[in-house]
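The values are calculated or read from the model by the stated rules, or taken from the named source; none is laboratory data. Just so we're clear, the structure is a prediction, and the values are computed from it rather than from any experiment. Neighbour counts run over all protein chains shown; Cβ positions are idealised from the backbone, glycine included.
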Amino acid sequence: MARNLTGQTLAGRYQFVVQIGQGSFAQVYRVRDLRRGVDMAAKVLREDMALEPSFMERFKREASVLQRLQHPYIVRYYETVEADGVTFILLDFIDGETMQALLARKSRPFTLEESIAFVQPITSALAYAHGEGIVHRDIKPGNILISRESRVYVTDFGIARLMNDAGTLTAGSSIGTPLYMAPEQIQAQQVTLSADIYAFGVLLYQMFTGRVPFVGDRPGAQGLTTGQRVAYEHVHIPPTHPQSLNPNLSSRCTRR
């Protein structure tokens, strides 16, 4: 069970103000660095997960990946802290919202101009990570942050893969978010930089049409669950042409 750290001060320095996110393995808090007088984000590994060596290894591996990624469009990593029985990663706090929240709020396709505002920072961040030999493996709207100043950041390298890492921590398993996963991820095959490019393509499709290309509702899709049908569609069924969903979309955006 996850421990609520709100109101606590760890390491005599980091005051946990409010929880701002939660996943299967970790919670994210807004914290106040009392020494520096600034707000930061703390990604905290759940205590029950910390007892499992594989999850602790994965968490520390994320920190080692983030140390290598100092880029203006990637959320900045500062350090990993172990204090009072809690392990957490300290990151820049981005005051704003996720792209997922923005898409839900707009409830319509982005204009070409709105889309371009995201394309440059996301592709720049991915090109840098790929140059460092790192595949993100989970590019999706929930991992794109937008600050109040409209700056765009890529975050959450929790399942990133180092191309020169021969470890087996996540080998032979299908890992990622099905709506945005490349066919090779779905089939638990070798994942390369192309997986991020595919996911970014899904993201573009969503920006231009207002929906993801595969939701498990296509005729012929096989599987007992929606997730299984989504996976089948990614691998076996071509997506609906974007202009069929958004007639206002210029053919220049969809030309093959």
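Say we look at the range 36-60 and pick out the residues that are under 16 Å from the mean Cα position of the chain (by Cα) and basic (Lys, Arg); which of these is surrounded by the most Cβ atoms within 10 Å (Cβ to Cβ)? Across the range 36-60, the extreme among qualifying residues is LYS43.
Whenever a residue of the range 14-25 is assigned by TED's automatic domain parsing to the domain that holds ALA41, its partners that are of a type in the set (D, E, K, R), lying with C-beta atoms within less than 7 angstrom and at least six residues away or across chains, give the pairs TYR14/ASP33; GLN15/ARG32; VAL17/ARG30; VAL17/ARG32; VAL18/ARG30; ILE20/ARG30; PHE25/ARG46.
May I ask you to verify whether GLY220 is surrounded by 15 or more Cβ atoms within 10 Å (Cβ to Cβ), without any contact (Cβ under 8 Å) to a residue 24 or more places away in the chain and not in a helix (DSSP H, G or I)? So GLY220 does not fit the description; no. Restricting attention to the range 97-142, the residues that are under 16 Å from VAL65 (Cα atoms) and surrounded by 16 or more Cβ atoms within 10 Å (Cβ to Cβ) total 11. Inspection of the range 68-86 identifies at least one residue that is in contact (Cβ under 8 Å) with a residue 60 or more places away in the chain, in contact with a strand residue (DSSP E or B) (Cβ under 7 Å, 6 or more places away or on another chain), farther than 20 Å from THR177 by Cβ and of a type in the set (Val, Ile, Thr).
Scan the range 23-35 for residues that are among the charged types (D, E, K, R) and surrounded by fewer than 13 Cβ atoms within 10 Å (Cβ to Cβ) and the total you get is 1.
Which one is nearest to LEU51 (Cα to Cα), of the residues in the range 3-32 that are in a loop (DSSP other than H, G, I, E, B) and among the small types (Gly, Ala, Ser)? Only one residue fits best here, namely SER24.
Look at (1) touching an Asp or Glu at 6+ places or on another chain (Cβ under 9 Å); (2) charged (D, E, K, R); (3) touching a residue at least 60 places away in the same chain (Cβ under 8 Å) and you find that GLU132 fails only one, number (1). Entry remark, the range 88-143: residues being under 15 Å from the mean Cα position of the chain (by Cα) and of a type in the set (Ser, Thr, Tyr) number 2 in total. Taking first residues from the range 181-210 that are at positive phi and partners that are assigned to a loop (DSSP other than H, G, I, E, B) and not hydrophobic (A, V, I, L, M, F, W, C), the Cβ contacts under 9 Å between residues at least 6 apart in sequence or on separate chains come to ALA188/GLY172; ALA188/SER173; ALA188/SER174; GLY210/SER107; GLY210/ARG108; GLY210/PRO109; GLY210/ASN246.
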